[in-house]
1. How many residues are aromatic (Phe, Trp, Tyr), touching a Gly at 6+ places or on another chain (Cβ under 6 Å) and either assigned to a helix (DSSP H, G or I) or open to solvent by 20 Å² or more (accessible area, probe 1.4 Å) (or both) when one looks only at region 222-281?
2. Determine whether region 319-332 contains at least one residue that is within 21 Å of the chain's Cα centre (by Cα) and free of Cβ contacts under 8 Å to residues at least 40 places away in the same chain.
3. Just for region 320-335: of the residues that are of a type in the set (S, T, N, Q) and out of contact with any strand residue (DSSP E or B) (no Cβ under 8 Å at 6 or more places or on another chain), which one is least open to solvent (accessible area, probe 1.4 Å)?
4. Out of region 107-126, which residues are among the polar types (S, T, N, Q), touching a Ser or Thr at 6+ places or on another chain (Cβ under 7 Å) and farther than 20 Å from GLN207 by Cα?
5. Would you check which residues across region 182-205 are out of contact with any strand residue (DSSP E or B) (no Cβ under 6 Å at 6 or more places or on another chain) and not hydrophobic (A, V, I, L, M, F, W, C) and list them?
6. If ASN141 meets every condition in (1) open to solvent by 70 Å² or more (accessible area, probe 1.4 Å); (2) modelled with pLDDT of 95 or more; (3) in contact with a Lys or Arg (Cβ under 9 Å, 6 or more places away or on another chain) apart from one, which number is that one?
7. Could you tell me which residue of region 100-109 is nearest to ALA138 (Cα to Cα), considering only residues that are surrounded by 18 or more Cβ atoms within 10 Å (Cβ to Cβ) and free of Cβ contacts under 8 Å to residues at least 40 places away in the same chain?
8. Which residue is farthest from ALA349 (Cα to Cα), if the candidates are limited to region 291-318 and must be of a type in the set (D, E, K, R) and over 20 Å from the mean Cα position of the chain (by Cα)?
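The values are calculated or read from the model by the stated rules, or taken from the named source; none is laboratory data. Quick caveat, the model's predicted, so the values are computed rather than measured. With ideal geometry, Cβ positions are generated from the backbone for all residues, glycine too; neighbour counts draw on all protein chains shown. Heavy atoms of the whole protein, side chains included, go into the accessibility calculation; ligands, DNA and RNA do not. Shrake-Rupley method; radii C 1.70, N 1.55, O 1.52, S 1.80 Å.
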Amino acid sequence: MALTGAPTVCLAVLALLASSTLLLVGWSQLRRLRWGCWPARLSLLAASQCCAVVLVALLVNDQFAFYQNWAELLGSHPRQGQPAIAEGQQDARLHGLLLANFHAGRGTLVSMPVPGVRSKVHAAPATVYLPPQYGDPAMANRSFPVVELLSGFPGGPASWLRDLHVRQLLDSMIKHGQSAPFIAVIPVQNVASPRDTECVNVLGGPQVDSYLSYDVRTATARAFRASAAGSQWTVLGYSTGGYCAVDLSLRHPGMFSAAVSLAGYNAPAHDRSTGSLFGHRPWLARAFSPIWLVEHGKLAPQHVLLVATKADPVSLYEARQLAGQNRSPVQMSVLALPRGGHNFATFAAELPTGIGWLSRYVATPLAPIPTVDGRSPHQVANHRAQAVS
């Protein structure tokens with residue numbers, strides 16, 4: 001039985017009802033036991049309380065998708081090796097499905113292994129959305145722009161599909177000319193769950209930055225007609241994924257033309273879930289800080305959108321801090337919203353604006369960018385503009 005979904009929650013409700021009923025009925029009956037009356041009563045009480053706690057935990061997890069399955073909850077993660085994908089292999093295999101979905105006007109979801117060629121990371125396959133136009137015979141020789149989608153922690157492809165409904169959103173936005181016909185790649189970024197690697201190259205551990213930048217890009221380019229030009233690659237993430245999106249784009253000049261952060265932050269977290277990511281080497285931590293990168297890094301022309309809400313003051317402070325430190329040739333925009341918390345409902349409302357905004361920086365004519373609460377992003381002036389060597 002799956003960790004999430006109605007069947008598991010219903011089973012937990014039945015268990016709570018059964019344990020509570022047994023407690024009520026058995027409380028008076030157990031006094032017949034001469035010596036074991038109170039131990040038995042306490043056991044029934046503990047069982048009932050345990051069922052209540054489990055039910056609440058399942059409901060919270062079902063709402064926020066902290067853990068997607070039992071294996072992730074128990075701390076295991078995939079270790080299988082992934083063979084390299086021959087170029088064009090996915091196109092040939094999916095020809096019939098792509099054509100049918102093109103005529104139906106819907107995108108195609110497929111699974112794509114991502115071999116850790118450079119990073120040596122072994123993770124579950126990425127989920128890939130191919131736009132309806134991908135199956136159009138008239139576009140058989142066209143390459144498509146790419147958006148890489150990064151989740152919070154914990155989270156993964158299921159969060160984008162189930163909680164943010166990204167497939168339906170892209171279908172609708174592409175149909176109405178609000179989005180470029182993106183190939184959307186959703187990798188498994190939390191490759192060492194329950195440890196949070198913050199998308200960095202962990203000292204003595206998983207090289208997640210290399211995995212999300214080079215390995216995901218290589219696998220996508222080999223499997224599908226994805227543009228090889230960095231000007232046609234973008235990245236978007238929420239929460240931890242928002243930090244990751246900005247960090248990856250700034251750390252790898254020329255690989256991404258634009259990045260969007262929804263409620264992100266400016267430096268890798270350091271807590272019990274991350275452990276020591278860089279040992280006692282603070283200079284390594286600085287190299288993964290967007291603040292340090294805009295001040296000292298070798299930058300390339302890029303566009304960055306930082307989205308935050310006043311109800312999430314930490315994210316809003318971080319967005320304004322980063323924008324205030326920005327310098328050329330990076331162009332930053334900020335969208336500060338009056339309401340909305342750090343949750344999927346807010347991210348879902350912001351996502352169309354993020355996708356529409358990214359579409360402005362790839363080669364596709366588009367309709368006006370969607371707004372959030374009637375607001376649109378505004379570009380931030382580079383107060384510290386200076387030449388970049």
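1. The total comes to 1.
2. For region 319-332, residues within 21 Å of the chain's Cα centre (by Cα) and free of Cβ contacts under 8 Å to residues at least 40 places away in the same chain: absent.
3. Only one residue tops the list, namely SER328.
4. Passing the criteria: only SER111.
5. ASN190, SER193, PRO194, ARG195, ASP196, THR197, GLU198, GLY204, GLY205
6. (2)
7. For region 100-109, the residue satisfying everything is PHE102.
8. Applying the filter and picking the extreme gives LYS298.
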